[in-house]
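Visitor: Input: one structure, supplied below.
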Amino acid sequence: MTINEIITFARGQLDDTIEPYRWSDDELALYLNNTVNELCRESRVLKDATSAITQIPVVADTQSYVIDKSIVSIVRVRLTLGIKNLIGIDESVADDFVTNWETSTGTPRYYIHDSDISQQSIKLIPTPIVDDTLNLVVYRLPLTIVSMAVAADELEIPAEYHGKLFVGMYKQAYDKHDSDTYDPRMRDRYFLEWEAIKDKINRQRMNEYTTRRRIVPHFGAI
């Protein structure tokens, strides 16, 4: 669905089709943007391995690389010249088990994903000694903000989730503090429905992951 189609349908469900509207188009677009980002952040519905943000140029003797702030989590990391995926660890593990990890050089085997409010980065361990490219598989937020400026565009997230977004929008719409819009009973109703939707998506993803792990043969079995 396009952004405009979603907003039009939501307005109809909110019984807000006669001007002056209780919720402006820009407000509904903001609710949609918030809902999409929340779903991508908490339920990991937007997987990416092909956009520009998933290919990171690696420079010899450089350990740390800034990655795009839209990345929510990293699924897999591999060097173009490598034959195995790099292993994700945190600094405490590196301190305990990787000797001189901050200064050692060679062919990277591990990575540390550093994330804070202002910037995300990947550190390679050991520091690479040749130029290469990091190829990431990630879950991310949309690269374009949902707004009326791009109302004719399709949402980036898979179509199977489009119909679920209305619940998250209504939760916000009924929390607008105005005598014609504020309805805590409806807000709470849609809040619970939205949490249930996210929980179901998360459980489905975990079940799929568990199933894939079970059907992979153990090393040495084939």
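Visitor: Take the residues in the stretch 135-174 that are among the basic types (Lys, Arg) and within 19 Å of the chain's Cα centre (by Cα); name whichever of them is surrounded by the fewest Cβ atoms within 10 Å (Cβ to Cβ).
Guide: Result: Lys164.
Visitor: Shifting gears a bit: Please enumerate the residues belonging to the stretch 106-120 that are modelled with pLDDT of 95 or more and open to solvent by 90 Å² or more (accessible area, probe 1.4 Å).
Guide: Thr107, Arg109
Visitor: Only one residue in Asp48, Asp61, Asp26 is acidic (Asp, Glu) and either crowded, with 16+ Cβ neighbours inside 10 Å or at pLDDT below 95 (or both). Which one?
Guide: Asp48
Visitor: Restrict the check to the stretch 6-26 and report whether at least one residue is within 11 Å of Phe166 (Cα to Cα) and under 14 Å from the mean Cα position of the chain (by Cα).
Guide: No.
Visitor: What strands (runs of 3 or more DSSP E) lie completely within the stretch 1-116 and have 3 or more residues being farther than 30 Å from Ser179 by Cα and either of a type outside the set (Ser, Thr, Tyr) or touching a Phe, Trp or Tyr at 6+ places or on another chain (Cβ under 8 Å) (or both)?
Guide: Those strands (runs of 3 or more DSSP E) span 55-58, 71-79, 87-89, 110-115.
Visitor: Taking the stretch 187-209 as the search range and keeping residues that are aromatic (Phe, Trp, Tyr) and modelled with pLDDT of 95 or more, which one is nearest to Glu160 (Cα to Cα)?
Guide: Trp194
The values are calculated or read from the model by the stated rules, or taken from the named source; none is laboratory data. All of these numbers come straight from a predicted model, not from anything done at the bench. All Cβ positions, glycine included, derive from the backbone under ideal geometry; neighbour counts span all protein chains shown. Please note that ligands, DNA and RNA were not included when accessible areas were found on the heavy atoms of the full protein model with its side chains. Shrake-Rupley method; radii C 1.70, N 1.55, O 1.52, S 1.80 Å.
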